[in-house]
Structure formats: C-alpha cells, structure tokens
1. Relative contact order for the chain using alpha-carbon pairs under 8 Å, separation at least 6, rounded to a whole percent?
2. Springs between alpha-carbon atoms under 10 Å, Gaussian network over the chain: tell me which of 135, 243, 301 tops the mean-square fluctuations.
3. What would the Debye formula give as log10 I(q)/I(0) at q = 0.21 Å⁻¹ for the alpha-carbon point model of segment 165-321, no solvent?
4. Which log10 I(q)/I(0) values does segment 30-69 give at q = 0.20, 0.21, 0.27, 0.35 Å⁻¹ under the Debye formula, counting every alpha carbon as one identical point scatterer?
5. What does the charge count near residue 231 come to, summing +1 for each Lys or Arg and -1 for each Asp or Glu among other residues with Cβ under 13 Å from its Cβ?
6. Please work out the Kirkwood hydrodynamic radius for segment 1-94, using every pair of different C-alpha atoms, and report it in angstroms with one decimal place.
7. Find, among the GluC sites (Glu not before Pro) in segment 119-153, those assigned to loop by DSSP (not H, G, I, E, B) with at most 12 other beta-carbon atoms within 10 angstrom.
8. Determine one quarter of the surface area of the Cα convex hull of segment 32-188, which equals its mean projected area, and express it in nm² to one decimal.
Amino acid sequence: MKTILVTGSSGLIGSQAVEHFDRQGHQVVGVDNNMRRVFFGEPGDTTWNLERLRSVTRNFTQFNLDIRDCSALEELFRKYRFDLIVHCAAQPSHDKARDIPILDFEVNALGTVNLLEATRLHSPEAVFVFLSTNKVYGDAPNELPLKELETRWDYARPEDFSGIAEHCRIDRTLHSLFGASKASADLMAQEYGRYFGMKVGIFRGGCLTGPSHSGVELHGFLSYLVKVALRGDTYTVFGYKGKQVRDNIHSQDVVRAIEEFAANPRPGEVYNLGGGRENSISMLEAIARIEHMSGKKLNWKYLDQNRKGDHICYISNLAKFRSDYPNWSITIGLDEILRQIIADHTLRLTRAEAR
Ligand SMILES: NC(=O)c1ccc[n+]([C@@H]2O[C@H](COP(=O)([O-])OP(=O)(O)OC[C@H]3O[C@@H](n4cnc5c(N)ncnc54)[C@H](O)[C@@H]3O)[C@@H](O)[C@H]2O)c1
C-alpha cells in the first residue's frame with residue numbers, strides 16, 4: 001500500500017486520481033480548499049464532487065488546505081511520508097488570470113514551488129507529477145501553416161499531422177498570464193527533477209475532460225458546452241470562425257499516464273498529454289456532435305474577436321510519451337467522453353430540479 005497525495009482532489013483530474021488509487025487499495029490524502037468556487041463563483045463549486053468522492057472511496061482523507069500556506073503544507077508533510085504526489089491544484093483558466101494576476105501566480109507558481117520544496121525536504125524519494133498545460137507554448141503553435149477545411153482548421157504540412165511536440169518553444173510567445181504562471185511552475189518542476197534529481201514528471205495537458213468537471217464558461221470546454229445545451233442557455237463562440245480545434249483526453253486516461261510515469265519515473269521529463277488527433281474536434285463539430293447525441297438544439301452566438309492568445313489548432317503529439325511508456329494508450333474515444341458528460345449533466349440537472 002502506498003501513500004499518495006493528490007492536490008486539487010475535488011477537481012476533475014484530482015478526483016479521478018483519488019478514485020483510481022483508492023480503488024487499488026492505496027492510502028490517498030487529498031488537498032483542496034474549493035478555490036475553484038473563488039475563481040468562478042457558484043458554478044465552479046466542487047463540494048458535490050468531494051461528497052461524491054467520500055461516498056465511493058474507502059481510504060481517502062481530505063484536507064481543506066491551501067497550497068499557498070507553507071506551514072500547513074509542512075505540517076501535512078510531517079504527518080505523512082508520501083510515495084507519490086499528484087499535483088493538480090491550480091487556477092486553471094487562461095482568461096480568468098488577467099483579472100487576478102497575483103492570485104493566479106501565487107496559486108500556480110508559488111503553490112507548486114511550495115509543494116516541490118516540501119517534497120524535497122520531507123519525501124525526497126517520492127514521485128512528483130505536475131499537471132502543466134499546453135499554454136506554456138503560448139501562441140507559438142499558431143505560427144504553423146494551417147489550412148481551412150469546411151468545419152475545422154488543420155495543419156497544412158504533412159510533418160505537422162501528429163500535432164505539437166515538446167520541442168515547441170516556450171518563450172517569446174503570447175501565453176496569457178495563466179500560461180506564464182504555469183510555465184514558471186513547469187520550469188521549476190523540471191529543475192527539481194534535473195538539479196535535485198527528484199522523480200518529477202511534467203505533463204502539458206491539451207483539453208483534459210470527463211464527467212467530474214465543474215464546467216464553467218472560462219474553463220472546461222466540453223463540460224460547459226454540454227451544460228449549456230442541456231439547460232437551453234446560450235453559448236458564445238469566440239473567433240476563428242468556430243473552427244478552432246482542441247484535442248480531448250478523458251481524465252481516466254490522464255490518470256493512467258500518471259500511473260505509468262510513477263511506476264518508471266524519468267526525472268525532469270516533460271510530456272505533452274492530450275487526446276491526440278483521434279480525439280480532436282473543432283468548436284463547430286463539437287456543437288453538431290452534442291446536438292446529435294443529446295437531441296437538444298444548442299443556442300449559440302458568434303463573436304468575431306478570438307480569445308487573446310487562443311490556439312487555432314492544437315493537437316498534442318503523443319509520440320514521446322507513447323515511446324517512453326508503451327503500455328499506455330488512449331482508451332476512451334470522443335463519443336464515449338461526450339456520452340459520459342451528457343449522462344452526468346443530465347443527472348445533475350434532474351437532481352437540481354428535484355430540490
Ligand atoms: N482541464 C483542462 O482542460 C486542463 C488542461 C491543461 C492543463 N490542466 C491542468 O491540470 C490540472 C488539473 O485541472 P482540472 O481541470 O482538474 O482543474 P479543476 O479546477 O477541476 O481542479 C483544480 C482543483 O484545485 C483546487 N484548488 C485551486 N486552488 C487551490 C489552492 N490554492 N489550494 C488547494 N486547492 C486548490 C480547486 O478547488 C479545484 O478543485 C491543473 O493544473 C490545470 O492547470 C487542465
């Protein structure tokens with residue numbers, strides 16, 4: 001039995017990690033202060049997910065702790081000796097960061113360093129997995145030549161077909177403040193791996209998704225799109241003719257990647273992790289697919305102005321992770337992801353109406 005710390009344990013990836021490792025019989029310690037509600041208001045509240053976790057787990061202990069609070073972290077790390085740390089707590093929104101630059105930096109950059117340092121001091125043998133983001137590349141991926149198809153943008157050159165690889169540059173691009181705070185954390189995590197030789201792995205996520213997302217307009221694209229469709233609200237598409245492309249990976253496939261890394265860690269290594277080309281979809285295609293699968297017509301409007309620094313076509317090139325960890329693959333396709341999100345939101349809506 002291992003002792004595993006999951007930060008952001010009430011969030012999408014954190015909660016999936018908690019469930020996964022608890023099911024395997026490990027002792028799982030969660031840290032989450034429901035700060036998603038502070039960032040996004042009531043729709044971002046993750047209490048429902050914490051309650052759900054409490055009801056489905058056997059050996060899970062939750063701490064309402066802020067990763068910015070060094071002394072609380074110190075106390076936690078004195079109490080437990082961790083074998084694995086899965087660091088998912090974050091201010092996760094590209095757009096939100098501009099309203100709260102200091103808070104965004106404190107949570108994303110300083111919070112990560114606090115955890116890395118606590119690990120170095122108290123659990124130096126632990127594997128540490130940091131959930132980074134493709135926004136560390138800023139808008140550099142937009143420099144690739146693109147072609148416009150009927151419903152999506154795509155890479156024009158055959159050599160770009162599999163998407164963006166880890167050698168894409170991370171500086172001299174427009175990141176958004178979120179991308180910059182995550183890039184700071186990403187570099188520090190690499191440094192703890194390379195300089196201190198700790199077993200740190202960095203995953204640069206594409207669109208991470210699944211039914212446990214508390215989807216809001218500024219974060220959680222598919223989850224929020226489904227929520228809007230089912231409630232009959234109006235969705236706003238920002239620029240790029242609605243043909244912007246995202247690659248989507250189910251939280252379970254993310255956790256499986258973390259598990260593979262933890263079993264055979266490569267200190268300081270960086271991996272792109274998303275759904276890859278097979279799980280890529282454009283905004284227009286997602287709207288059509290959700291309408292078809294949910295049987296609901298989605299109200300949406302188009303604003304010509306794209307989100308600042310937004311990717312036009314982003315597909316994660318998964319070749320490096322696949323080559324280092326051949327036991328891993330994408331197991332959940334886009335239709336199944338959407339089916340699960342629709343089913344879950346339908347249930348949440350029915351429960352809310354019954355209250
Ligand atoms: N979801 C995506 O599409 C996506 C894409 C790329 C990268 N990522 C990264 O993956 C990680 C997990 O994302 P997610 O989608 O699960 O996010 P999420 O918002 O669902 O979960 C993050 C959790 O962290 C908690 N949290 C925030 N600040 C905290 C603090 N100071 N102390 C303690 N807890 C705090 C929140 O309450 C929330 O429950 C994040 O680092 C995010 O940047 C996510």
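The numbers here are math on the coordinates, done by the rules we state, and not lab data. Just so it is clear, the model here is predicted, and its values are computed rather than measured. Glycine also receives a Cβ, built like all others from the backbone with ideal geometry; neighbour counts cover every protein chain displayed.
1. Relative CO of the chain lands at 18 percent.
2. Comparing 135, 243, 301 in a Gaussian network model of the chain, the most mobile one is 301.
3. Normalising to I(0) and taking log10 leaves -1.46.
4. Cα-only, vacuum Debye calculation for segment 30-69: -0.64, -0.69, -0.95, -1.14.
5. +1
6. For segment 1-94, the Kirkwood estimate is 13.3 Å.
7. Counting only loop positions with at most 12 other Cβ atoms within 10 Å, the GluC sites (Glu not before Pro) in segment 119-153 are 125, 150.
8. Its Cα hull, projected and averaged over all orientations, spans 12.3 nm².
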